[in-house]
Amino acid sequence: MREIHEFTRWTTEFEAKAQARTRAGDPDWSRGVTLHPAILRSIQRFQVGESGDGANLMAKADRAGDPTYAAAVRLFIAEEQNHARLLLNLLHAAGRQPLSRHWTDAVFVHLRRALGLRLELMVLAVAEVIAVPYYRSLRDGTPDDLTTRTAALIVADEQRHIPFHTERLRQAFAPTPTLVRPLVRAAWWTILCGAITVVLLDHGPALRQLGVTRTDFARSAISLFVPICATVLPWRGCSGTHRSSPAH
C-alpha cells in the first residue's frame, strides 16, 4: 500500500501545480521576443522533444498495474505538453515556426520505446537531467524577460519530475540482484554520456550565447545524475522502504 500512498502524493502535487498555473496565467506573448538565432534554433529543437503525446508511456504505466501511478503519469505528461505549448508560444513571439521533427528527438523516442517501463523511465530521467541545466541556462543567460519567465516556469517543473521518476525507478529496481546492478548502472551512464554529447554538439552555439561552457553544462548534468543513480541502484540491494528525493 505504500506505493499507492506515495503516488497519491504526486497526483495531488501535480494537480495543485496545474491549478496554480491556471490562476497565474501565461506570460504576455504580445510583447515579442528578441533572441540570437542560435538560441532560437536550440529552442526549436527542445520544443520538438517536449511535444510527444505520451501514449506509449501511458500504456506502459497502465500495464504496470498501479492505477494511482498511472494517474500521476498522465499528469506528468500534461506538464510536458504544457512545456511544448509554452515553447511554441515563445517561438511565435519571436516570429519563428516550430520544427515538425528533428533527428535527436527521433533517436530519443526510439530508445525509450525499445523495451519496458523501466527503460523508458531511465531515458526520461536522463532527459530531465539534461533539461534542468538547459532551461536554467535559458533562464539566466538572456536579457529577454519573456524568455526568462518561460524558462523559469519550465525548469521548476523539470526539477520536480526528477524525484518523481526516481521514486518509481527505485521501487522497480529494488529486487535487482547486487551483481546485476553494475551492468544496469553502466548502461544508464552510457545513455547519459550519449545524451550530453549530443546536446553539446547540437546546442553548443546556443550555450555559448547563453554564457555556458560545454564543460559547465556537462558537470551540471552529471551532478544531477549521480544522486539519482545512487538512489535507484545502490551498491547493495535494498528493501525499498527508504524514500529519497535527490533533486528539488
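Collect the residues in the range 133-175 that are of a type in the set (G, A, S) and closer than 18 Å to L40 by Cβ, keeping them in residue-number order.
Selection gives S137, G141, A151.
Taking the stated definitions as given, is A59 under 26 Å from P163 (Cα atoms) and either assigned to a helix (DSSP H, G or I) or of a type in the set (G, A, S) (or both)? Write out each step before concluding.
Working: under 26 Å from P163 (Cα atoms): yes; either assigned to a helix (DSSP H, G or I) or of a type in the set (G, A, S) (or both): yes.
The answer is yes for A59.
Can you work out which of the residues in the range 1-26 that are in a loop (DSSP other than H, G, I, E, B) and farther than 25 Å from S100 by Cβ is modelled with the highest pLDDT? Lay out the reasoning, then the answer.
Taking the range 1-26 first, the residues in a loop (DSSP other than H, G, I, E, B) are 1, 25-26.
Still in the running and farther than 25 Å from S100 by Cβ: 1, 25.
Details: M1: 39, G25: 89.
Going through the qualifying residues, I end up with G25.
Just one of (1) at pLDDT below 95; (2) over 27 Å from Q81 (Cα atoms) trips up G194, so point out which.
Of everything listed in (1) at pLDDT below 95; (2) over 27 Å from Q81 (Cα atoms), G194 misses just condition (2).
Out of the helices (runs of 4 or more DSSP H) lying entirely within the range 146-236, which hold 1 or more residues that are closer than 30 Å to D28 by Cα and over 20 Å from the mean Cα position of the chain (by Cα)?
Working: elements: 181-202, 204-209, 214-232.
The helices (runs of 4 or more DSSP H) meeting that bar are 204-209.
Output yes when any residue across the range 107-115 is closer than 26 Å to I39 by Cβ, modelled with pLDDT of 95 or more and touching a helix residue (DSSP H, G or I) at 6+ places or on another chain (Cβ under 8 Å), and no when none is. Spell out how you get there, then give the answer.
Filtering the range 107-115 for residues closer than 26 Å to I39 by Cβ gives 107-109.
When the remaining residues are screened for being modelled with pLDDT of 95 or more, the result is none.
No, the range 107-115 contains no residue that is closer than 26 Å to I39 by Cβ, modelled with pLDDT of 95 or more and touching a helix residue (DSSP H, G or I) at 6+ places or on another chain (Cβ under 8 Å).
In the range 175-213, which residues are surrounded by fewer than 16 Cβ atoms within 10 Å (Cβ to Cβ) and hydrophobic (A, V, I, L, M, F, W, C)?
Across the range 175-213, the qualifying residues are L179, V180, L183, A186, A187, W189, C193, V198, L201.
For residues that are more than 18 Å from V126 (Cα to Cα) and in a helix (DSSP H, G or I), scanning just the range 62-73, find the one that is nearest to the chain's Cα centre (by Cα). Before the answer, list the steps.
Within the range 62-73, the subset more than 18 Å from V126 (Cα to Cα) is 62-72.
Keeping just the survivors that are in a helix (DSSP H, G or I) gives 62-63, 67-72.
Details: D62: 21, R63: 22, P67: 22, T68: 21, Y69: 18, A70: 18, A71: 18, A72: 15 Å.
Once the filter is applied, the top-ranked residue is A72.
Against the condition in contact with an Asp or Glu (Cβ under 8 Å, 6 or more places away or on another chain), more than 16 Å from T147 (Cα to Cα) and without any contact (Cβ under 8 Å) to a residue 24 or more places away in the chain, how does A24 come out, does it pass?
Working: in contact with an Asp or Glu (Cβ under 8 Å, 6 or more places away or on another chain): no; more than 16 Å from T147 (Cα to Cα): yes; without any contact (Cβ under 8 Å) to a residue 24 or more places away in the chain: yes.
Spelling it out, it is not the case that A24 is in contact with an Asp or Glu (Cβ under 8 Å, 6 or more places away or on another chain), more than 16 Å from T147 (Cα to Cα) and without any contact (Cβ under 8 Å) to a residue 24 or more places away in the chain.
Against the definition (farther than 21 Å from H165 by Cβ and in contact with a helix residue (DSSP H, G or I) (Cβ under 8 Å, 6 or more places away or on another chain)), how does S42 come out, yes or no? I'd like the intermediate steps shown before the answer.
On the way: farther than 21 Å from H165 by Cβ: yes; in contact with a helix residue (DSSP H, G or I) (Cβ under 8 Å, 6 or more places away or on another chain): yes.
So S42 passes the test.
Yes or no: T142 buried (at least 17 other Cβ atoms within 10 Å of the Cβ) and not in a helix (DSSP H, G or I)?
Details: buried (at least 17 other Cβ atoms within 10 Å of the Cβ): yes; not in a helix (DSSP H, G or I): yes.
Yes; evaluated as a whole, the condition is true for this residue.
Considering each residue of the range 145-156, count those that are closer than 24 Å to G194 by Cα and surrounded by fewer than 22 Cβ atoms within 10 Å (Cβ to Cβ), and give that number.
Residues flagged as closer than 24 Å to G194 by Cα and surrounded by fewer than 22 Cβ atoms within 10 Å (Cβ to Cβ) within the range 145-156 amount to 1.
The values are calculated or read from the model by the stated rules, or taken from the named source; none is laboratory data. Just so you know, these numbers come straight off a predicted model, no measurement behind them. All Cβ positions, even for glycine, are placed from backbone atoms using ideal geometry, and neighbour counts span all protein chains on display.
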